[in-house]
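Colleague: This structure is in structure tokens; I'll ask about it shortly.
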Amino acid sequence: MTEVAPPTTPPAEPAPSPGSEKHWYVLRVQSGREEKVKENLEKRIRAKGLDAAITRVFVPTERVSEMKSGKKKVTERKKYPGYIMIEMDLTEETWFLVRETPGIGDFLGAKMPMPMETHEVDKMLSESVTTPEKPELKIDFKKGDSVRIKEGPFENFEGTVEEVVPAKGLVKVVVTIFGRPTEVELEYWQMEHL
């Protein structure tokens, strides 16, 4: 009869701490599978009865508005691809449950999982609460980009982006009209990169 060695525990990892409180942590996960990893982790939490210790698993997303084929389209994209956030009471049991979930790499932190700062958590949670009526505009232009105007009175003119005003969806472009540089204000969808 052969003996089976007992499972080893990782060195210098969190030990159960009586009376500890919940904090937010950042987890590295497989990029592109954030939602699936979140679902799997939530199933494992319920199965182990750790709902009180791990209260929220969160994939920060944002709604963006962009023009595709001349039509305005609102899509949702992940703010931090390859990462999810989790609110939990960090104990040995919760640490093992999270780490053993398929698709999860590790907690962020040098040797120990580092909790997020309160202001980081507040910012993350407030930014993720966007209303569908006001999605953030996805403007792919920056100062200095060379562009060609594809619609409006300056159609087919080429210019250089001078300023981007995301709140209004406008881009200020300098074009040459009659040999003089002139600044024109256009909507972001009226131009394309050269």
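No value in this document is a laboratory result; all are computed from the given coordinates. Please read these numbers as outputs of a predicted model, since none were measured by experiment. We place every Cβ from the backbone using ideal geometry, glycine too, and count neighbours over all the protein chains shown.
Colleague: Relative contact order of the stretch 20-116: what whole-number percent is it, with Cα pairs under 8 angstrom and at least 6 residues apart?
Modeller: That works out to 47 percent.
Colleague: Under a point-charge model restricted to the Cβ atoms of Lys and Arg (+1) and Asp and Glu (-1), what is the dipole moment magnitude of the stretch 23-137 relative to its Cα centre, in debye to the nearest 20?
Modeller: Roughly 660 debye for the stretch 23-137.
Colleague: Tell me, what ³J(HN,Hα) does each residue in the stretch 110-118 have, in order and in whole Hz, if you take phi through Karplus 6.51 cos²θ - 1.76 cosθ + 1.60 with θ = phi - 60° and put x for Gly and Pro?
Modeller: In residue order, the calculated couplings are 4, 10, 10, x, 9, x, 6, 6, 4 Hz.
Colleague: Can you put MET112, MET124 in order of Cβ neighbours within 10 angstrom, beginning with the fewest?
Modeller: Ordered from fewest to most neighbouring Cβ atoms within 10 Å, MET112, MET124 come out as MET112, MET124.
Colleague: Which value does Rg/Rh take for the stretch 146-193 over its C-alpha atoms, Rh per Kirkwood?
Modeller: 0.93
Colleague: Which of ASP106, ASP145 comes first, and how do the rest follow, when ranked by fewest Cβ neighbours within 10 Å?
Modeller: The fewest-first ordering by Cβ neighbours comes to ASP106, ASP145.
Colleague: List the residues whose amide H sits under 5 Å from the amide H of LYS150, counting only those 5 or more places along or on another chain, with H placed 1.01 Å from N in the peptide plane.
Modeller: ASN156, MET191, GLU192
Colleague: Exceeding 32 Å between C-alpha atoms, which entries from my cross-link table qualify? They are LYS72/LYS123; LYS71/LYS143; LYS36/LYS142; LYS78/LYS150; LYS36/LYS71; LYS36/LYS172.
Modeller: The pairs that break the limit, which is 32 Å between Cα atoms, are LYS36/LYS142; LYS36/LYS172.
Colleague: With a 10 Å Cβ neighbour count serving as the proxy for reagent exposure, in which order, fewest first, do LEU186, LEU50 appear?
Modeller: Listing LEU186, LEU50 from fewest to most nearby Cβ atoms yields LEU50, LEU186.
Colleague: Separate question: Averaging sequence separations of C-alpha pairs under 8 Å and six or more residues apart, then dividing by the length of the stretch 146-193, give the relative contact order as a whole percent.
Modeller: Result for the stretch 146-193 is 36 percent.
Colleague: Taking Rh as the Kirkwood radius computed over C-alpha pairs, what is the Stokes-Einstein D of the stretch 23-137 at 4 °C in a medium of viscosity 1.567 mPa s, expressed in µm² per second?
Modeller: Here the translational diffusion coefficient equals 85 µm²/s.
Colleague: Taking amide H positions as placed in the peptide plane 1.01 Å from N, state which residues far from GLY105 in sequence (5 or more) or on other chains have amide H under 5 Å from it.
Modeller: It is ARG28, VAL29, GLN30, by chain and number.
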